[in-house]
Protein chains: 2
Amino acid sequence: MGSLFLRLRGTLGITASFLAVLSLVAMGRPIAAASPQAAGDPLPSWREGPVKQRLLAFVAAVSTKGSPDYVPVPERLAVFDNDGTLWSEQPMYVQLAFALDRARTLVAQQPELAGNPLIAAAAAGDARAVMAQGTRGVLDLVALTHGGMDTETFARIVRDWFRSACHPSLHRLFTSLTFAPMAELMELLRSRGFRTVIVTGGGTDFLRVVAAELYGVPPEQVIGSTLRTTYAVQGGVPVLLRRPEVAFIDDGPGKPVGIHTALGRRPIAAFGNSDGDFEMLEWTTAGPGARLGLILHHDDSEREFAYDRKSPFGRLDRALAAAPQRGWTVVSMRNDWTRVYPLSANPCPR
Amino acid sequence: MGSLFLRLRGTLGITASFLAVLSLVAMGRPIAAASPQAAGDPLPSWREGPVKQRLLAFVAAVSTKGSPDYVPVPERLAVFDNDGTLWSEQPMYVQLAFALDRARTLVAQQPELAGNPLIAAAAAGDARAVMAQGTRGVLDLVALTHGGMDTETFARIVRDWFRSACHPSLHRLFTSLTFAPMAELMELLRSRGFRTVIVTGGGTDFLRVVAAELYGVPPEQVIGSTLRTTYAVQGGVPVLLRRPEVAFIDDGPGKPVGIHTALGRRPIAAFGNSDGDFEMLEWTTAGPGARLGLILHHDDSEREFAYDRKSPFGRLDRALAAAPQRGWTVVSMRNDWTRVYPLSANPCPR
């Protein structure tokens, strides 16, 4: 403990951090020390400071027997936005990149589809023109490119796409653009009895294809937007058909609804990065007992991207302004993370 | 083993049963013996015979390491219908009894509601008149009696109702009309790594109130029908409002859709009792590997009720006819169960 103390002493807010570690050691299952130099640091990609202290203190408070803020395991529910919170969402959502590629494939198969200006723009890879159509345009594109097939066919198409789909400027596969610090946080939470549930504005069935591999999250812990789905028997084989019609939008005020429908419990911790996560953070942190709301602020133009109030993807304005009075923790990607992406990454094939 | 063998020898199909038990003992974690006299019988309310053998053999086959039909724990998913499968549904669904009581309360508070003949009939307790209005009438009644309030208020009303709500002829609280053999089966499955998920045509939020107490099933493992739900902040407090409008009907072909939306996996075992469970059984048993489909046949007019093809609640016709060719196991309540309800039951207060 002595050398740990010495190493920690230089950091901001040493007392709270030290007490948090002490309480973990003293009150029950110890978690590994909070120093990045220590082999057992559960959050090695998080820089020492008030944010890291807050995370460790919260986890200790709710999961240590005898703590006044102790929460039983079944109620240890943490929800995570995906785009911009668990992986990069610039210069466009990963799922929009999928939709553009899929539009190109569809137009190659059925050239008459290009008569629709929206599809033509998508097939040409013009994300800006698609976005200019507003929500309606994006939903129409999603319905066309994600619907009209059964769930197993869709999962296969998505899986194939992820094998080679590349970020346009970062020269990594999209599957290598997850945030290492967030993966560490999810792992720490799970090691302390939490369920880590992804609550995405994107499609449930899209993200489920890679959620286990990328985040260790099983399909039943992915909540997202859905197409209307119907049951049919085709040639004697039962299938679930994805109709080209959006059934539920799991964004903004839809997120608490999606969480309630799927889980019937209010989370005690919520992690987001945009105004689309405002209601999820509000709903989560309005409950009684210890609560944690966290907003990831993209202020790192060197290692990732810097954007907030004016971004077409992941706009962060209202939630950032509300954070201080709500007690939400704002994470500076630039200052609070020693690393953004995982060490081992799959480069693009070309 | 010798005395166990002697005790088992008199029962039908001794060889298969004995082999099933042997395989459990030999191949991994043993489960308790299959004799009802043995203290460790996991299914004491199931009479020895082919049905009980089939259940034990299936559980052993999918959960014993080294078995050719072994299924990893995350894929051990068993789905259960509720009305008529886990508790009694005659002379009417429990939730319809709730709706009638609630209509009476609402009419007492707002007498003008009785101007609607449907509500007047419901408030008078006339289930037959309500049912005569068809699906539309029932949905209208559900919307009125279950909607127009936030989720926490609804849960409180349901909880209060269950404290004293009684079956009209059996002189037990509704909460004492669960089927003991099914509870044993769920417990056995859970002890072998299964998740036991309830997939009900009734309301998700209605059943969640009692599912943990009655069945040991947490809220996230209850899938059912839903009202449209919206998020709002009222007097500074965020709430989820139940709109008087049915959003999803989790019955018939809706059951596989509800399962897919919530869990993203296909179950390996499904338990039902009516044609409303047909598609769930079909979807479940169409998958590869070992599968179990089970239909509970209500043929016990002495201890419970006897009904199938012509019943307005829990109609069983198509599924019963299809069972032999589909390999679905039909359980005779009269012959296969030594007991129907739990030993300890709460009688009605009056």
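With a cut-off of at least 2 residues that are touching a helix residue (DSSP H, G or I) at 6+ places or on another chain (Cβ under 7 Å) and buried (at least 23 other Cβ atoms within 10 Å of the Cβ), name the strands (runs of 3 or more DSSP E) lying wholly within segment B:182-300.
Per the criteria, B:195-203, B:222-234, B:269-272, B:292-297.
What pairs can you find where one residue is in segment A:121-138 and more than 16 Å from A:LEU106 (Cβ to Cβ), the other is surrounded by fewer than 18 Cβ atoms within 10 Å (Cβ to Cβ), and their Cβ atoms are less than 6 Å apart, with a gap of 6+ or different chains?
Listed by first residue and then by second, the contacts come to A:MET131/A:PRO312.
Could you tell me how many of the residues in segment B:316-350 are modelled with pLDDT of 95 or more and part of a loop (DSSP other than H, G, I, E, B)?
8
Here is a list: B:GLY49, B:GLY13, B:GLY84. Which entry is at positive phi, out of contact with any Gly (no Cβ under 6 Å at 6 or more places or on another chain), modelled with pLDDT of 95 or more and not aliphatic (A, V, I, L, M)?
Being at positive phi, out of contact with any Gly (no Cβ under 6 Å at 6 or more places or on another chain), modelled with pLDDT of 95 or more and not aliphatic (A, V, I, L, M) holds for just one of B:GLY49, B:GLY13, B:GLY84, which is B:GLY49.
From the list A:VAL62, A:VAL79, exactly one residue is out of contact with any His (no Cβ under 8 Å at 6 or more places or on another chain) and either modelled with pLDDT under 95 or in a helix (DSSP H, G or I) (or both). Which is it?
A:VAL62
Of all residues being free of Cβ contacts under 8 Å to residues at least 40 places away in the same chain and of a type outside the set (Gly, Ala, Ser) in segment B:235-251, which is nearest to the other protein chains (Cβ to nearest Cβ)? Just the residue, please.
It comes out as B:PRO238.
Can you work out which of the residues in segment A:117-162 that are charged (D, E, K, R) and in contact with a Leu (Cβ under 7 Å, 6 or more places away or on another chain) is farthest from A:LEU96 (Cα to Cα)?
This residue is A:ASP150.
Pairs needed: first member in segment A:98-114, closer than 28 Å to A:ASP83 by Cβ; second member anywhere, part of a helix (DSSP H, G or I) and not hydrophobic (A, V, I, L, M, F, W, C); C-beta distance under 7 Å; at least 6 residues apart or different chains.
A:ALA99/A:THR145; A:ARG102/A:THR145; A:ALA103/A:THR145; A:LEU106/A:THR145
Could we say that B:ASP160 is under 26 Å from B:ALA232 (Cα atoms), charged (D, E, K, R) and within 14 Å of chain A (Cβ to nearest Cβ) here?
no
Select from segment B:192-210 the residues that are within 22 Å of B:VAL142 (Cβ to Cβ) and at the interface with chain A (Cβ under 9 Å from one of its Cβ atoms) and list them in ascending order.
B:THR204, B:ASP205, B:ARG208
Could you run through segment A:152-174 and say how many residues are part of a helix (DSSP H, G or I) and surrounded by fewer than 20 Cβ atoms within 10 Å (Cβ to Cβ)?
Number satisfying all stated conditions: 11.
Only one residue in B:ALA34, B:ALA38, B:ALA127 is modelled with pLDDT under 95, crowded, with 22+ Cβ neighbours inside 10 Å and either within 22 Å of the chain's Cα centre (by Cα) or closer than 18 Å to B:TRP337 by Cα (or both). Which one?
Every option except B:ALA34 fails the conditions.
If I filter segment B:252-293 down to residues being among the polar types (S, T, N, Q) and under 22 Å from A:ALA262 (Cβ atoms), which single residue comes out as nearest to the other protein chains (Cβ to nearest Cβ)?
Within segment B:252-293, the match that is nearest to the other protein chains (Cβ to nearest Cβ) is B:THR261.
Would you be able to tell me the number of residues in segment B:211-223 that are at the interface with chain A (Cβ under 10 Å from one of its Cβ atoms) and closer than 20 Å to B:SER274 by Cβ?
3
The values are calculated or read from the model by the stated rules, or taken from the named source; none is laboratory data. Computed from a predicted model, the values in this text were never measured in an experiment. Don't worry about glycine lacking a Cβ; one is built from the backbone with ideal geometry, like all the others, and counts go over all protein chains shown.
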